[in-house]
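*Asks:* Take a look at this one; I'll ask things after.
The values are calculated or read from the model by the stated rules, or taken from the named source; none is laboratory data. Because the structure is a prediction, the values reported are computed rather than measured. Here the Cβ is made from the backbone with ideal geometry for all residues, glycine too, and neighbour counts use every protein chain on show.
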Amino acid sequence: MECGCGARFQQYKWRKYKDTEDVVKGYACRNRVGNNTTKYRQANDLPLEGVCDRKSISEWHLELMIKDTLEEMWGFRKESVLKAFELIKDNFVDDDVDNSNRVKELESKIDKNKQKLNKLIDLYTEENIDKKEFNEKREQYTRLVKEAEGEIRVLVGGLGLAEKNLEMKLSRIKETLEQLVDFDTEKLEKDLINQLVDKVIVRGDCDFEWLLNLSDIETNDLFSFYLNEKYEIKRQKSTEIRDSKYTLAFSSVITIDRAREYRRKYGKHIKPRRWNDISYEVYVR
Ligand SMILES: [Zn+2]
């Protein structure tokens, strides 16, 4: 889980239920914990740059969001998730055009270097350059031609391959969704959540983004940042990855009624006066 400021969240024990002794877990932004809030920093004459005021998040808010998300996706949201992937497919066609421009560029590069090679042979046979220079230049032009030819092979072959991958991805998503339509939402398996949820970005105290992985069986980490990178950089990267690798499937809101219903089911309560609706967006890849 990541904060909109770029920092990660840390888990802590929020409080205990008096009757059951169950521990309520909460999550706090590491930046806020380490650097304190605007209010504190103002009071102590500390610089305010990069400060984060994100409130702590109760674990059950997250649980309810992912529960509803899965329910919606496997149920009546299934179609919108599939539509999101159709969008990716459409975008893919645009990339196709870009690649063909690059291929043209490379082809003209090959032509130019082949011409240079021919001229070079003339220069050498007319004894305008010595053998050493001839060999050097010949090596250089030949290398450029080979590199360009190699890149064309990757682009042309890669296109077909990427298209195939996309088809496979789409059918895998359809399969996953089909299988899970009947799945029991009473209890959510931790493994399932770990596999599905790439990242949660907390944009506001009641504003979340869920980045889900429906298509890749292998869990590869798209967000492998260097540990010592600045929050600012991490924040930018997360947004870039979100926009380039994921597609917005749907947005939803957890109202007080929904929250109350969910809490009652497990014999718990919410404090209505302190309740703010939680809105969240679900991105998929
Ligand atoms: Zn933060």
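*Asks:* When you check Glu86 against the structure, is it within 37 Å of the chain's Cα centre (by Cα), farther than 30 Å from Arg263 by Cβ and modelled with pLDDT of 85 or more, yes or no?
*Replies:* Answer is no for this residue.
*Asks:* Which of the residues that make up the range 234-255 are exposed (fewer than 13 other Cβ atoms within 10 Å of the Cβ) and hydrophobic (A, V, I, L, M, F, W, C)?
*Replies:* Listed by number, the list holds a single entry, Val253.
Residue-by-condition table, conditions (1) crowded, with 16+ Cβ neighbours inside 10 Å; (2) more than 16 Å from the ligand (Cβ to nearest atom); (3) not in a strand (DSSP E or B):
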position: Gln10; (1), (2), (3): no, no, no
position: Arg15; (1), (2), (3): no, yes, no
position: Lys18; (1), (2), (3): no, yes, yes
position: Lys39; (1), (2), (3): no, no, yes
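*Asks:* For the range 20-35, give me each residue that is more than 28 Å from the chain's Cα centre (by Cα) and either outside any strand (DSSP E or B) or modelled with pLDDT of 90 or more (or both).
*Replies:* Filtering the range 20-35 down to residues more than 28 Å from the chain's Cα centre (by Cα) leaves 20-24.
Passing the criteria: Thr20, Glu21, Asp22.
*Asks:* So, in the range 1-36, how many residues would count as being farther than 18 Å from Lys230 by Cα and of a type outside the set (A, V, I, L, M)?
*Replies:* Matching residues across the range 1-36 total 15.
*Asks:* I've got another one for you. When you go through Leu64, Leu48, Leu70 one by one, which is the residue that is at pLDDT 70 or above, within 16 Å of the ligand (Cβ to nearest atom), in contact with a helix residue (DSSP H, G or I) (Cβ under 8 Å, 6 or more places away or on another chain) and aliphatic (A, V, I, L, M)?
*Replies:* On the way: Leu64 fails: within 16 Å of the ligand (Cβ to nearest atom); Leu70 fails: within 16 Å of the ligand (Cβ to nearest atom).
When all the criteria are applied, what remains is Leu48.
*Asks:* Report, ordered by the first and then the second residue, all pairs with beta carbons closer than 6 Å, sequence separation of six or more or different chains, a first member in the range 246-268 that is assigned to a loop (DSSP other than H, G, I, E, B), and a second member that is of a type outside the set (Lys, Arg).
*Replies:* The qualifying pairs are Tyr246/Leu211; Tyr246/Tyr283; Thr255/Asp277.
*Asks:* Please find, among Tyr262, Tyr226, the residue that is surrounded by 11 or more Cβ atoms within 10 Å (Cβ to Cβ) and either modelled with pLDDT of 95 or more or out of contact with any Ser or Thr (no Cβ under 6 Å at 6 or more places or on another chain) (or both).
*Replies:* Values: Tyr226 fails: surrounded by 11 or more Cβ atoms within 10 Å (Cβ to Cβ).
It is Tyr262.
*Asks:* Please find, among Leu177, Leu170, Leu212, Leu161, the residue that is modelled with pLDDT under 90 and touching a strand residue (DSSP E or B) at 6+ places or on another chain (Cβ under 8 Å). Walk me through how you get there before you give the answer.
*Replies:* Details: Leu177 fails: touching a strand residue (DSSP E or B) at 6+ places or on another chain (Cβ under 8 Å); Leu170 fails: touching a strand residue (DSSP E or B) at 6+ places or on another chain (Cβ under 8 Å); Leu161 fails: touching a strand residue (DSSP E or B) at 6+ places or on another chain (Cβ under 8 Å).
After applying the criteria, what remains is Leu212.
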